[in-house]
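> The structure's right below; bear with me while I get my questions together.
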Amino acid sequence: MRHFRLWLACVTLAAAVAPLRAQERVGVVASFSILGDFVVNVGGDRVSVTTLVGPDGDVHVYTPAPADARKVADAKLLIVNGLGLEGWLPRLLQSSGSKAPIIIATKGIAPLAAGSDTDPHAWQSVADAKIYVANISDALAAADPAGAEVFRENAKAYSAKLDGLDREVREAVAKIPPDRRKVISTHGAFGYFASAYGIQFIAPLGVSTESEASARAIAGIITQIRKEKIPAVFLENISDPRLIRRIAAETGARVGGTLYSDSLTGEKGDAPTYIELVRHNIKALTSALAD
Ligand code: ZN
């Protein structure tokens, strides 16, 4: 009897730790790379994650390919940002015929307004990223109840890392003199970062990259840089660098490097994960502003 119990315990343990075979994993489609990274961290090897807008891609102006409709049709779960980020999604859903549940990862986050628009870039606040993670954990548990405990544990461990990251950002910003906490970025992607950490961002483009910067917006920014002595301007991995280079040339402001706003980089880039993305951004900001 004792041996049998021991044997049973071993079998149960083996079943609990054995990785799932590919066909047993929950197929999740995430709309863009940052969201995909959150799903990988929470889902571990119980999920197989596909992202639609890949590294260095611009999720605002994405045009889905026919292969995307197939990915969505095959998914058991679809995880999106919401807050107006994925304007191309309804058509893609329709053409895919998918009946998979759609999870809005920003549920419960207080949205920021930018003029008459809603700012969708909530992931730029690390505290808000933890809400994404909690929503993803709940969604995966509903899709794969046998994995609920694993998802909860993974989410807890990853959220603890995010708490550490949040502290890193605050410590880094604290080293920047208050009157230098002002930068120019290409589009309005850093509203949540600004609101959480107290760096002011000014951008010639609004919260989407869909329309071009107006001559008036560019002229306004050039005046503001000169008047307020804004120390640095930043490029973005998803946007054409020419606009920011022109603003830098006209004002003499320093190009402080590249900020990663809406997308991870590939494996070999500076920001292949969300945590590395935030670390890269604070390093770029502090080295340009902390003089
Ligand atoms: Zn954006």
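The values are calculated or read from the model by the stated rules, or taken from the named source; none is laboratory data. The structure displayed is predicted, hence computed values, not measured ones. No Cβ is skipped: glycine too gets one built from the backbone with ideal geometry, and neighbour counts run over all protein chains shown. Note: accessible area is taken over every heavy atom of the protein model, side chains too, but ligands, DNA and RNA are not part of it. Shrake-Rupley method; radii C 1.70, N 1.55, O 1.52, S 1.80 Å.
> Which percent of the accessible area of the stretch 18-166 is formed by carbon and sulfur heavy atoms (probe 1.4 angstrom)?
54
> Related question: Give me a comma-separated list of calculated 3J(HN,Hα) values for the stretch 143-150, in order, Karplus coefficients 6.51, -1.76, 1.60 applied at θ = phi - 60°, integers in Hz, x for any Gly or Pro.
Running phi through 6.51 cos²θ - 1.76 cosθ + 1.60 with θ = phi - 60° gives 7, 9, x, 5, x, 3, 5, 4 Hz.
> Run lengths n ≥ 4 of DSSP H only: what is the helix-derived mean residue ellipticity at 222 nm for the chain, with -39500 (n - 2.57) per run over all residues, to the nearest 500?
Values: 10 runs with 136 residues, N = 291.
Taken over the chain, the calculation gives -15000 deg cm²/dmol.
> Restricting the count to DSSP beta bridges whose residues both fall in the chain, what percent are antiparallel, rounded to a multiple of 5? All intermediate terms of the calculation are to be shown ahead of the outcome.
On the way: 3 of 25 bridges.
Bridges in the chain that DSSP calls antiparallel: roughly 10 percent.
> What number, in percent, do you get for the relative contact order of the chain if the mean sequence gap of Cα pairs under 8 Å and at least 6 apart is divided by its residue count? The partial results should precede the final answer.
Working: 496 pairs, mean separation 49.4, N = 291.
RCO, the chain: 17 percent.
> Okay, moving on. How do I218, I102 stack up against each other in accessible area, from largest to smallest, with a 1.4 angstrom probe?
Details: I218 15, I102 75 Å².
Descending order: I102, I218.
> What are the ³J(HN,Hα) couplings of the stretch 159-164, residue after residue, when phi is run through the Karplus curve with 6.51, -1.76, 1.60 and θ = phi - 60°? Round to Hz, x for glycine and proline.
Rounded to whole hertz, the list is 5, 5, 5, 5, 4, x.
> A further question on this structure: What net charge do the residues around Y192 carry, taking every other residue with its C-beta under 9 Å from that of Y192, with Lys and Arg at +1 and Asp and Glu at -1? Working shown, then result.
Numbers: positive: none; negative: D119, D128.
My count for the surroundings of Y192 gives -2.
> HN-Hα J couplings of the stretch 104-120 from phi, Karplus 6.51/-1.76/1.60, θ = phi - 60°, integer Hz, Gly and Pro as x?
Result, ordered by residue: 8, 5, 8, 3, x, 8, 6, x, 8, 9, 10, x, 8, 9, 9, 7, x Hz.
> Compute the helix-to-body angle for 215-228: its Cα long axis versus the longest principal axis of the chain, expressed 0 to 90° and rounded to tens.
Roughly 80 degrees, rounded to the nearest 10.
> Rounded to the nearest 10 Å², what accessible area does S95 have for a 1.4 Å probe in the complete protein model?
Accessible surface of S95 is approximately 80 Å².
> Another one. Looking at the stretch 18-166, what % of its DSSP beta bridges pair antiparallel, to the nearest 5?
Of the beta bridges lying entirely in the stretch 18-166, close to 20 percent run antiparallel.
> Using alpha carbons only, how many degrees (0 to 90, rounded to 10) separate the axis of helix 242-251 from the longest principal axis of the chain?
Relative to the chain, helix 242-251 is tipped by roughly 40 degrees.
> Considering only I79, L20, S48, whose Cα is most displaced toward the positive end of the charge dipole of the stretch 18-166, charges sitting on Cβ of Lys, Arg (+1) and Asp, Glu (-1)?
Value: L20.
> Would you kindly state how much longer the chain becomes between D179 and L20 on full extension, computed as 0.36 nm times their sequence separation minus their alpha carbon distance, in nm to one decimal?
51.9 nm
> Percent relative contact order of the stretch 29-74, based on C-alpha pairs within less than 8 angstrom and at least six residues apart?
Values: 38 pairs, mean separation 18.1, N = 46.
Contact order relative to length: 39 percent.
> To continue, here is another question. Sort all Cα-Cα distances of the chain into consecutive 10 angstrom bins from zero, then give the percent of pairs in each bin up to the one containing the longest distance.
6, 26, 32, 20, 10, 4, 2, 1, 0
> Here's a follow-up. Quick query: amide H of L112 versus all other amide H atoms, modeled in the peptide plane; which residues come in under 5 Å with a sequence gap of 5 or more or a different chain?
Here the answer is D119, since their amide H atoms fall under 5 Å of that of L112.
> With every protein chain kept in place and ligands, DNA and RNA left out, what is the accessible area per residue of the chain? Probe 1.4 Å, answer in Å².
Result: 49 Å² per residue.
> D240 versus R91, label points 7 Å from Cα toward the beta carbon: distance in nm?
Each label point is offset 7 Å from its Cα along the Cβ direction, giving 2.1 nm.
> Set the bar at 32 Å for Cα to Cα. Now go through K130/K175; K107/K229; K107/K227 and name every pair that lies beyond it.
K107/K229; K107/K227
> Taking the Cα centre as origin and putting +1 on Lys and Arg beta-carbons and -1 on Asp and Glu beta-carbons, what dipole magnitude results for the chain, to the nearest 20 debye? Don't jump to the answer; show the numbers that get you there.
On the way: 32 positive and 31 negative charges, 80 e Å.
Its charge dipole is roughly 380 debye.
> Could you list which residues have their amide H under 5 Å from that of I79, counting only those 5 or more apart in sequence or on another chain, with H placed in the peptide plane?
Amide H neighbours of I79: V29, A30, S31, I103.
> Here is a further query. In what sequence, largest accessible area first, do W123, W88 appear using a 1.4 Å probe?
The residues order as W88, W123, largest area first.
> How high is the FRET efficiency between R254 and R152 when r is their beta carbon distance and R₀ equals 51 Å, given to the nearest 0.05?
Working: r = 45 Å, r/R0 = 0.89.
Once the sixth-power term is evaluated, E becomes 0.65.
> With the full set of protein chains in place, find how many percent of the accessible area of the stretch 168-289 is carbon and sulfur; take the probe as 1.4 Å.
Of all accessible area on the stretch 168-289, carbon and sulfur atoms account for 50 percent.
> Find the centroid of the Cα atoms in the stretch 80-101 and in the stretch 223-239, then give the distance between the two in whole Å.
34
> Now for a separate question. Which far-off residues, 5 or more places away or on another chain, put their amide H under 5 Å from the one on G256, with H placed in the peptide plane?
Under 5 Å from the amide H of G256 lie the amide H atoms of V233, F234, L235, each far enough along the sequence or on another chain.
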